[in-house]
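I have placed the structure first, in the form of C-alpha cells, so that the comments after it can refer back to it.
Derivation of every value follows stated rules applied to the coordinates shown; laboratory data play no part. Nothing here was measured: the structure is a model prediction, and the numbers come from that model. Backbone-built Cβ (ideal geometry, glycine too); neighbour counts: all protein chains shown.
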Amino acid sequence: WDSIEPRINNSLCGGGGNKAKYGDCLATTYASLTPSEYPSILYPGILFQVSLTKKDTYHQTITSDSESLIQTVGLTSVGGEYKVDSEVSVSGSFIAALSQGVATMSAAMKPKYRVVDAQKG
C-alpha cells in the first residue's frame, strides 16, 4: 500500500465484470486519474491527444467503469493551486466517456490574437 490502507468495496461482489488481479470479489474505490504521455511542448491551434486512465488504490485500471465522463477545462496554477482560468481556452473534445476505465481526448490550446498598430508599435 502507498502509506494508506485501501478501502474495500464489497458491493461489486456478485455483479460480475470485476477482473481485478487480487480477486473477483474485492476492489478498491477510485484513487487517481492518470494521463498518458503527451507532447512536452504544445503549440496553439495544433491538436494533441491524451488518454486518461482511471486507477484504483493498487494502480490498476478500473475496467468496470464505462459510464463516467471527463471534462476538459482551462486551468492556471496560482500559488501551487489550480484554478479555472477563463483566459485559457481549449478547443477539441471537451467531454469524453470512459470505456473500460480509459478515456481518449483530442484538444488544442486556442491561440490569442492581438492587433498591432504599425505606427504606434
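With a 10 Å radius around each residue's Cβ, average the other Cβ atoms per peptide and rank 80-93, 98-111, 59-72, highest first.
Values: 80-93: 11.1, 98-111: 16.4, 59-72: 14.7.
My ranking of the peptides, most packed first, is 98-111, 59-72, 80-93.
Grab the other residues whose beta carbon is less than 14 angstrom from that of ALA97, score K and R as +1, D and E as -1, and report the net.
-1
Mind listing the Cα extents of segment 37-84 along all three principal axes, in Å, largest one first?
The Cα atoms of segment 37-84 stretch 35, 28, 20 Å along the principal axes, largest first.
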